Each structure stands twice: as structure tokens, then as C-alpha cells.
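Taking it in order: structure first as C-alpha cells, then the write-up.
Values quoted throughout were computed directly from the atomic coordinates according to the rules given, and no laboratory measurement underlies them. Everything quoted here is computed from the prediction, not taken from an experiment. Neighbour counts run over all protein chains shown; Cβ positions are idealised from the backbone, glycine included.
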Amino acid sequence: MSDLNNFIKNGYVLKQHLFSEEEIDKLDNFIKNQSNKDQQVRNTKSTTGNLSLTLWDHPTDDLFGKFSTNERIVKPMENFLNDEVYHYHSKIIWKKPGDGGFDWHQDYGYWYNNACLYPDMASCFIMLDNATKENGCLKVLKGTHKVGRIGHGVSDTPEQTADMERIAELEKRHETVFIEAKKGDTLFFHANLLHSSDANKSDSSRRILIVCFNTKSNNPFKKAGHASYTPLKMSSFNSIMEYQID
């Protein structure tokens, strides 16, 4: 089955080795020695524990930007969504040992409230570390992007959670898939696909760079939440390794 047909049927596509170990190591070194992203952390929590993330709306003119605008993710995204896409926002989930995971939700459960009329949106998870069940890898309910937007209520945590009565019923009908993956593997998934993760019970971090895309035709009808449409300047396949770090 083609990647497009998989995306249409299941709501996600996992591409192994989309980015090389050398490229991920270069970004890891950049994070540790050149970037201040780890100093821009927003702390929140879910039912399973504390969460830490760093978020930005526009592609940065640095190594992160070479990943978030790389043709390896932009071209497939335009194929999956059948439209020109633009960078809606990016974020790093730091998921240190002991950190919690996100409860079941749809990204469009949030983005609907950001003046996006349609769920013609998707995210790209780039694994910066190996992802396992022990360290709280992502899990998805296969095919649930077809159920439409589910109501997301405010719980006793800062993060919204999808209607748990519906989740319980959907878990009976849809396979739960744990996305265990190696660093450099990349997951594309639809904004209505239900997903969550468990707490990190390992002794190492499980970091993910998430690049979120909206379609040009779905530009928010008013300024709200994340970025409005700006033409995306796509980076070449080799731009990551060609980037010069001072």
C-alpha cells in the first residue's frame, strides 16, 4: 500500500530512517551547545505527570529550520493533505526520565479553537531519541481520524483531554498502536488522529521534534493561536549536513 493510501486509511505513516543518525547527532550537538531552546521550556502537566515542552510558531533561521522546512517532510505533507502547506508551529517535547505523557486527544481538538475551519492539518514527529514503551512512546488509535472532531473538555490538568466516554468505545473498535521507533524515524499523522503517550519510566530522555503544518486554503479566519499563512521556503535534502555551525 502506498504512503498516501496508508495515510488516508489509517491516519498516519511511519517512515524509518528518514533522517540519518548523523543528522540527528548534529541536531543533538546543536541543542546542547548552540541553541537556547532548552531554556525556553513551558511546564505543564497531565494525569500521568509533569510535561515540559518548547514551542515556536515560525521556522527559525538555524538548524531547527533546516529540519522543519526540509523537503523530506514538506513534500510528503503536501501529498497527504493535497494542498500547499505552511509551517503552523514546531515544538520539542523533552520528556525527561519521570516525566508524564499526554492524555488522549486530537490536535484539531485544540486547533479548531484557533480559527481553523477544517481539519486539513497534520503533524510530523521526528524522533531525536529511540522511542520505546518504557520511555513513553506515542500511541495512536489507528483509523480514528475518520470519526471527526471529538469534544475536548477541561479536566483537572492544564491540558485538554478528549471525551473519555467516546475514547473508551473507540478503544474497543480501533487498534492501539505503540509507535516504537529509532532516532531519525519520522511519523506523519492527521490532525484528527487520536493519540496519547504514557509516562517515561526509563532512565533516559525521549525527545521529539514535532513540526505541525496547516494548508494554505485552511488559513485561520482570524488571528488566533499559532501562525497564519506564510509561504514556506523549503530546504533541500542536504541542507542539514550543509548547515555550518559556528
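Details
- A simple spin-label model places the labels of Lys32 and Glu242 2.7 nm from each other, with each point 7 Å out along Cα-to-Cβ.
- Helix-only CD estimate at 222 nm, as mean residue ellipticity for the chain, using -39500 (n - 2.57) per DSSP H run (n ≥ 4): -6500 deg cm²/dmol
- Each peptide in 35-48, 191-204 receives the mean, over its residues, of other Cβ atoms within 10 Å, and ordering these scores from highest gives 191-204, 35-48.
- Ordering Tyr88, Val74, Asn135 by the projection of their Cα atoms onto the charge dipole of the chain, which places +1 on the Cβ of Lys and Arg and -1 on the Cβ of Asp and Glu, puts Tyr88 at the extreme positive end.
- Measuring how big the chain is from its alpha-carbon positions, Rg and Dmax come out at 16.9, 53 Å.
- Mean Cα-pair separation over length for the chain, i.e. relative contact order, pairs under 8 Å, 6 or more apart, %: 34 percent
- The length gained on full extension between Ser204 and Phe221, counted as 0.36 nm times the residue separation minus their Cα-Cα distance, comes to 1.9 nm.
- Charged-residue dipole, Cβ positions (Lys, Arg, Asp, Glu), the chain about Cα centre, Debye nearest 20: 380 debye
- Projected label distance in nm at Glu71 and Lys133, using a 7 Å step from Cα toward the beta-carbon: 4.0 nm
- R0 of 45 Å, Cβ-Cβ distance Gln40-Arg173: FRET efficiency to nearest 0.05: 0.65
- For peptides 62-72, 167-177, sequence by mean Cβ density within 10 Å, most packed first: 62-72, 167-177
- Listed pairs Lys26/Lys201; Lys32/Lys66; Lys146/Lys233; Lys75/Lys96 exceeding 21 Å between Cα atoms: Lys26/Lys201; Lys146/Lys233; Lys75/Lys96
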